[in-house]
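The values are calculated or read from the model by the stated rules, or taken from the named source; none is laboratory data. If you're wondering where the values come from, they're calculated on a predicted model, not measured in any experiment. Cβ atoms come from the backbone with ideal geometry, glycine included; neighbour counts cover every protein chain shown. Each accessible area value is taken on the protein alone, full model and side chains, heavy atoms only, with ligands, DNA and RNA left out. Shrake-Rupley method; radii C 1.70, N 1.55, O 1.52, S 1.80 Å.
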Amino acid sequence: MEMIGFLILFPFFVALLMACMRKGSLLRRYTLYAACIIQIVCDVYFSVTTLASGKTLTFLEETHGLDQVILIGEWVLVVLVCYYSFKFRKYYCALLSVLQTGLVTWMEKVGYVEQCPTTNHIMIDKLAIIMCLIVGVVGCLICFYAMGYMREYVHHHSEVADRRSFFFAVLFVFLGAMHGLIFSDNMLWIYFFWEITSVCSFLLIGYSQTTEAINNSFKALWMNLLGGLGFAVGIIYAVLQLKVVSLHDLVLIATDGNNDLAGFALVTVAFLAFAGLTKSAQMPFSGWLLGAMVAPTPTSALLHSATMVKAGVYLLIRLAPAMAGNSVGLMIATIGGLTFFMASCLAISQSDGKKVLAYSTISNLGLITACAGIGQEEAVWAGILLMMFHAVSKSLLFLTVGAVENSSGSRNIEDMHGLIIKLPGLAYVMIIGIAGMFLAPFGMLVSKWAALKAYVDAGNVLLVVFLVYGSATTLFYWTKWLGSLVAVHAHSDRIEDKTKPTQWMSLSILATLVVVLCVLFPMASTYIIEPQLQDMYGTQVGDVLGRGNIYIMVMMLILLFIMPVMARILTLGKKEKLSSSYMGGINVDNRKFVDSLDQPKQMYLSNWYITEWFGEAKMLKLSLAVAAAILIILMTIAIGGALV
């Protein structure tokens with residue numbers, strides 16, 4: 001229990017130190033580095049020792065004093081939200097914050113919570129361990145990277161006030177809140193840490209204090225506060241109708257067909273699942289995640305890969321057994337599948353690297369959400385793997401795009417043509433990240449295959465269509481990007497790499513993790529994911545992919561390492577040959593030519609973004625409107641059906 005308390009509280013202590021240290025302090029830099037190393041070591045040690053025990057651990061049955069501290073903390077958050085809401089005249093955010101916290105306070109003070117059977121507030125199982133490693137390792141690597149990145153950011157954005165101490169402090173508060181969220185089983189505790197992450201994301205997105213940043217930060221705030229209100233209503237309903245405050249107990253009641261309260265439990269599941277949709281940026285709530293692009297790159301990486309959005313899908317996976325085969329699961333699976341497909345299509349028309357990654361994140365979160373909505377063992381197996389692989393690959397890509405932007409001054413994919421010559425180190429790292437997102441035998445493709453099998457077995461034809469066509473569209477934007485990196489023309493000259501050594505350390509570790517996860521995922525499935533599913537469902541999970549498919553993947557992985565070596569051996573001693581591109585005229589050099597009408601032309605490389613079909617102007621509003629209509633209809637059906 002002492003180690004759990006340390007993992008939750010240590011980041012808050014570091015945040016306090018960061019906030020008190022002056023600008024440009026060497027002490028601040030080395031404090032951050034030391035804190036990240038300590039946090040990673042402790043997270044790994046705790047995870048390994050807990051996994052070795054093979055047990056689900058529970059702690060803290062009686063916590064009246066801590067409950068009062070948490071209630072005070074909730075009102076501190078309300079005061080903070082109200083301060084910014086009145087300062088920038090966004091009064092609706094203050095109203096949402098006061099309303100949800102007021103409801104929870106009323107329920108606690110009236111004494112309804114005391115009527116619930118006492119249960120342990122902390123629960124550690126293998127799913128919590130997976131999230132602990134994602135948050136601790138990936139999150140701290142992002143913080144490590146942020147120190148070097150923010151020095152360049154301040155240099156390039158002289159119009160933005162230097163508030164790095166505040167920035168680093170909020171990063172660590174975020175990490176502490178995420179540790180608290182994943183270790184908590186008491187829904188009131190989960191709600192408290194849930195709200196901290198919402199406020200932290202608001203502060204990080206609005207870091208630059210520009211008009212665009214402020215508007216986008218409030219968009220993120222009100223959408224997540226709306227989800228928080230749904231969370232609060234769900235808790236109140238569970239306490240009043242079910243006399244339950246434990247998430248684990250809630251799922252047990254909802255999955256017990258012989259329990260007369262199972263239908264009422266599904267109402268709470270529906271409200272909590274709604275909160276999960278907002279936090280994981282599912283349509284129609286995807287706008288806050290796209291708006292987060294105005295923040296510094298470490299914020300994007302932290303929100304899109306390791307922490308913020310993973311909180312939403314983590315909650316949905318926790319609720320997955322309760323959503324199997326009912327109207328709540330249908331709602332979640334449909335919204336997830338639609339989000340996966342529509343966001344994949346929208347990503348095709350984007351040339352801004354961070355925006356492509358944002359739409360890709362929304363898309364992949366939709367796939368995980370759909371797996372949770374199906375609720376069957378093999379679907380949840382695929383969802384957990386997707387969550388793991390996505391966290392590592394996407395954080396690597398966000399950080400690499402930030403490094404490229406610092407060195408080249410652009411994050412546009414069109415400006416990355418020939419990056420393998422201009423910035424070879426960053427290009428290789430980016431290639432690993434892109435390969436991890438969609439190429440065999442890396443984990444994202446493996447997980448999609450498992451998800452497809454789960455959708456077919458569940459008989460959900462609509463999800464099969466969404467997955468097949470959504471996966472096909474991912475080829476458009478990933479292959480365009482990958483092709484740009486290796487498309488070399490005559491004037492792809494080397495440029496200065498401004499990436500700091502500490503940034504390179506984070507990038508190198510994440511790139512290594514992408515490959516290591518690919519190699520070790522059968523072991524992770526056997527010793528972590530399958531036992532977790534057995535605890536969740538009480539049944540033995542079979543071999544989802546089949547041993548033959550695993551052998552094929554291992555062979556493909558070996559070939560990935562052998563082929564570059566063989567190519568190098570075959571080209572030893574051979575001179576480079578520059579081939580001119582014939583453009584139907586007379587080539588002057590590899591950048592200019594004279595066309596058939598004797599007119600000089602400039603040759604350039606450019607991808608096709610099909611904006612006339614997949615542009616935001618064509619698809620975004622329509623997608624959000626359709627998703628909103630489906631959500632309202634299915635949410636009404638789910639709650640009404642549960643109450644009947």
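Tabulated results
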read-out: Accessible surface, region 66-213, averaged per residue in Å² (probe 1.4 Å); value: 34 Å²
read-out: Residue-level accessible surface for residue 368, protein heavy atoms, 1.4 Å, Å²; value: 0 Å²
read-out: Relative contact order (percent, whole number), region 113-267, Cα cutoff 8 Å, 6+ residue spacing; value: 25 percent
read-out: Where chymotrypsin sites (Phe, Trp or Tyr not before Pro) fall in DSSP loop in region 258-302, at most 13 other Cβ within 10 Å; value: none
read-out: Overall dimensions of region 409-463 by Cα: Rg and Dmax, Å; value: 16.9, 49
read-out: Isolated Cys residues of the chain, judged by Cβ distance under 4.7 Å to other cysteines; value: 20, 42, 82, 93, 116, 132, 143, 200, 345, 371, 518
read-out: Extension reserve of the residue 16-residue 2 stretch, reckoned as 0.36 nm per residue once the Cα distance is removed; value: 3.0 nm
read-out: Packing-based ranking, highest mean first, of 384-393, 3-12 given that Cβ atoms within 10 Å are counted; value: 384-393, 3-12
read-out: Cα-based helix-to-principal-axis angle, 443-458 vs the chain, degrees rounded to 10; value: 50 degrees
read-out: Where the Cα pairs of region 417-547 fall when distances are cut into 5 Å bins, in %; value: 2, 9, 13, 15, 16, 15, 11, 8, 6, 4, 1, 0, 0
read-out: Three-way shape label, region 262-373, alpha-carbon gyration tensor, a/c 1.5; value: prolate
read-out: 0 to 90° range, to nearest 10: angle between helix 211-237 axis and the chain longest Cα axis; value: 30 degrees
read-out: Gyration tensor over alpha-carbon atoms, region 15-81, equivalent ellipsoid semi-axes in Å; value: 29, 26, 8
read-out: Cα-derived Rg to Rh of region 59-191, Kirkwood definition; value: 1.05
read-out: Restricting region 435-526 to trypsin sites (Lys or Arg not before Pro) in coil, as DSSP defines it, with at most 13 other Cβ within 10 Å; value: 494
read-out: Along each principal axis, Cα extent of region 193-352, largest first, Å; value: 54, 31, 21
read-out: Value in Å of the Kirkwood radius, where region 214-294 supplies the Cα pairs that are averaged; value: 13.5 Å
read-out: Neighbourhood charge, 13 Å Cβ-Cβ cut-off, centred on residue 389 and excluding it, Lys, Arg +1 and Asp, Glu -1; value: +3
read-out: With every protein chain in place, region 66-170: carbon and sulfur % of accessible area (1.4 Å); value: 67 percent
read-out: Sequence-separation-based contact order of the chain, relative, with Cα cut under 8 Å and 6+ spacing, percent; value: 14 percent
read-out: Accessible solvent surface per residue of region 303-342, calculated while the other protein chains remain in place, 1.4 angstrom probe, Å²; value: 12 Å²
read-out: Net +/- balance of residues flanking residue 138 in space, Cβ distance below 12 Å, scoring K and R +1, D and E -1; value: +1
read-out: Estimated distance in nm for a label pair at residue 215 and residue 508, the labels positioned 7 Å out from Cα along Cα-to-Cβ; value: 4.3 nm
read-out: Summed residue charge, Cβ within 10 Å of residue 354's Cβ, Lys/Arg positive, Asp/Glu negative; value: 0
read-out: Crossing angle, helix 91-110 versus the chain [Cα axis fit, 0-90 degrees, rounded to tens]; value: 30 degrees
read-out: Intensity falloff of region 140-287 expressed as log10 I(q)/I(0), Debye formula with alpha-carbon point scatterers, at q = 0.09, 0.16, 0.21 Å⁻¹; value: -0.37, -0.90, -1.26
read-out: Separation between Cα centres of region 498-531 and region 25-71, rounded to whole Å; value: 21 Å
read-out: Share of carbon and sulfur in the accessible heavy-atom surface of region 287-424 [1.4 Å probe, %]; value: 52 percent
read-out: Reduced Cα scattering model of region 342-392, Debye log10 I(q)/I(0), q = 0.17 Å⁻¹; value: -0.54
read-out: Average projected area [Cα convex hull, the chain], square nanometres; value: 30.3 nm²
read-out: Sum of -39500 (n - 2.57) over DSSP H runs of 4+, divided by residues of the chain (222 nm, nearest 500); value: -24000 deg cm²/dmol
read-out: Calculated FRET efficiency for the pair residue 95/residue 56, C-beta based, R₀ 41 Å, to 0.05; value: 0.55
read-out: Peptides ranked, highest mean first, by Cβ atoms within 10 Å: ranges 153-166, 236-249, 36-49; value: 236-249, 36-49, 153-166
read-out: Span per principal axis, largest first, for the Cα atoms of region 23-62 (Å); value: 45, 27, 8
read-out: For region 414-516: accessible area per residue (Å², 1.4 Å); value: 40 Å²
